[in-house]
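Okay, structure first, notes after.
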Amino acid sequence: MTANDTPTGQQPTATYDSAFLKACRREPVPHTPVWFMRQAGRSLPEYRKVREGIPMLESCTRPELVTEITLQPVRRHGVDAAIYYSDIVVPLKAIGIDLDIKPGIGPVVEEPIRTRADLARLRDLTPEDVSYVTEAIGLLTKELGATPLIGFAGAPFTLASYLVEGGPSRTFENAKAMMYGDPELWADLLDRLADITAAFLKVQIEAGVSAVQLFDSWVGALAPADYRRSVMPASAKVFDAVAGYGVPRIHFGVGTGELLKLMGDAGADVVGVDYRVPLDEAVRRVGPGKALQGNIDPTVLFTDKDTVEARAREVLDAAAGLEGHVFNLGHGVLPNTDPDALTRLVDYVHTHSAR
């Protein structure tokens, strides 16, 4: 049973009628729901306190700590959904890839994936590999009650970019070289990552999350033709693998204005829009039958209250004709953001959009 299932003769689960899930299903809502990418993180002093001295990837394996960090922004900001505290490289670490998250750098892979022989290191992910995820989600759903919990995973392209490059990259020269120069190896790499990603999402859904988001953080580096040919099949495989659970599927990438329709076509129910494309233009690009999520620029939160409200109003006005809209930033919360600015923004969106 998932949060989005309503079998005949049974009552919906506690989260089913939440504003967030209604918006994802493109149903009327009492107010526009709002949550923030990276809402649980470095912008919160309580997060920094509980994470002190604990490496990032280790923190993701402690169910009680994951529960506390995931709940912090719900308590502080009154957001309409929690997002599970984890990292996109957690499933790779869980299957034995030698990687770490270096402060100030990001994920660093000790031995990059560059050859066909390297694919053997990408074994299947089992629920036992990430038993701490199941435990943490069980704790969270009890605490959250009617507030939905969003699960997430990194999309095959973004995971591949880290694995092939060995860490963050501005040019993706090694990943693109493989994609262009050895398309069969590239396709096999992404297909294997699609299986790992799907297995990770299934664990989260079966443990009780109400929706899932696929982060393709770096896919905006590709042209539409390359995305369609070399990336979309793997992302579609992930979405297809979890379609039967009935939970909303969200797809988000950065700099993906030219890819929005394709990202929806890959199987998303909700397409995340970064801050570069207005929502009224995004809906034209995506087409009918999809809800949208986004998309105020995170840096706006460094301005005064009136400016933040004016920009939020622009987003809400642009979304006025949408079938479904989930208010969010057009990227993640920046570490130096004033938490009170986020709290005020949630209150403003709720008040201004009240039906």
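The values are calculated or read from the model by the stated rules, or taken from the named source; none is laboratory data. Remember, predicted model here, so these are calculated numbers, not experimental data. When we count neighbours, we look across all protein chains shown, and the Cβ atoms used for this are built from the backbone with ideal geometry, even at glycine. Remember, those area values only see protein heavy atoms, side chains included, never the ligands or the DNA or RNA. Shrake-Rupley method; radii C 1.70, N 1.55, O 1.52, S 1.80 Å.
Brief remarks follow.
- Number of positions in region 302-334 that are of a type in the set (Val, Ile, Thr) and over 21 Å from Ile250 (Cα atoms): 3
- Members of region 111-142 that are more than 21 Å from the chain's Cα centre (by Cα) and farther than 26 Å from Asp191 by Cβ: Lys142
- Hits in region 314-337 - residues which are modelled with pLDDT of 95 or more and surrounded by fewer than 15 Cβ atoms within 10 Å (Cβ to Cβ): Glu314, Asp317, Pro335, Asn336
- Considering region 104-140, the residues that are under 27 Å from Leu334 (Cα atoms), in contact with a Gly (Cβ under 7 Å, 6 or more places away or on another chain) and not aliphatic (A, V, I, L, M) include one that is modelled with the lowest pLDDT, namely Gly106.
Conditions tested, residue by residue: (1) under 30 Å from Gly104 (Cα atoms); (2) outside any helix (DSSP H, G or I).
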| position | (1), (2) |
| --- | --- |
| Arg285 | no, no |
| Gly294 | yes, yes |
| Val308 | yes, no |
| Leu316 | no, no |
| Val326 | no, yes |
| Val346 | yes, no |
| Val349 | no, no |
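- Among the residues listed as Asp280, Asp340, Asp265, the single one being of a type outside the set (Lys, Arg) and either without any contact (Cβ under 8 Å) to a residue 24 or more places away in the chain or open to solvent by less than 50 Å² (accessible area, probe 1.4 Å) (or both): Asp340
- Subset of region 328-344 (residues that are part of a helix (DSSP H, G or I) and out of contact with any Leu (no Cβ under 9 Å at 6 or more places or on another chain)): Asp340, Thr343, Arg344
- Pick from region 215-235, criterion out of contact with any helix residue (DSSP H, G or I) (no Cβ under 6 Å at 6 or more places or on another chain) and closer than 30 Å to Leu144 by Cα, ranking: most open to solvent (accessible area, probe 1.4 Å): Phe215
- Residue that is least open to solvent (accessible area, probe 1.4 Å), among those in region 41-74 that are among the β-branched types (Val, Ile, Thr) and not in a helix (DSSP H, G or I): Ile54
- Test for Tyr162: is it farther than 30 Å from Ala81 by Cα and modelled with pLDDT of 95 or more: no
- Matching residues in region 283-302 - criterion: being surrounded by 13 or more Cβ atoms within 10 Å (Cβ to Cβ) and farther than 19 Å from Arg25 by Cβ: Arg285, Asn295, Ile296, Asp297, Pro298, Thr299, Val300, Leu301, Phe302
- Top-ranked residue in region 163-178 [being over 19 Å from Arg121 (Cα atoms), in contact with an Asp or Glu (Cβ under 9 Å, 6 or more places away or on another chain) and assigned to a helix (DSSP H, G or I); ranked as least open to solvent (accessible area, probe 1.4 Å)]: Lys176
- Criterion violated by Leu139 - all others in (1) open to solvent by 50 Å² or more (accessible area, probe 1.4 Å); (2) over 25 Å from Arg38 (Cβ atoms); (3) not hydroxyl-bearing (Ser, Thr, Tyr) satisfied: (2)
- Put simply, of Ala81, Ala94 the only residue that is crowded, with 19+ Cβ neighbours inside 10 Å and under 30 Å from His325 (Cβ atoms) is Ala81.
- Some residue of region 252-264 being at pLDDT 95 or above, more than 26 Å from Ala341 (Cα to Cα) and out of contact with any helix residue (DSSP H, G or I) (no Cβ under 8 Å at 6 or more places or on another chain): no
- Among the residues of region 268-277, those identified as farther than 19 Å from Phe20 by Cβ and either open to solvent by less than 40 Å² (accessible area, probe 1.4 Å) or touching a residue at least 60 places away in the same chain (Cβ under 8 Å) (or both) are Asp274, Val277.
- Selection status of Tyr16, of a type in the set (Phe, Trp, Tyr), open to solvent by 10 Å² or more (accessible area, probe 1.4 Å) and touching a residue at least 24 places away in the same chain (Cβ under 8 Å): no
- You will find that of Arg116, Arg62, Arg75, the residue that is free of Cβ contacts under 8 Å to residues at least 12 places away in the same chain and basic (Lys, Arg) is Arg75 and no other.
- Residue in region 97-111 that is outside any loop (DSSP other than H, G, I, E, B), of a type in the set (Asp, Glu) and open to solvent by 10 Å² or more (accessible area, probe 1.4 Å) present: yes
- Under the condition of being more than 17 Å from the chain's Cα centre (by Cα), outside any loop (DSSP other than H, G, I, E, B) and farther than 20 Å from Pro168 by Cα, the residues counted in region 75-93 number 3.
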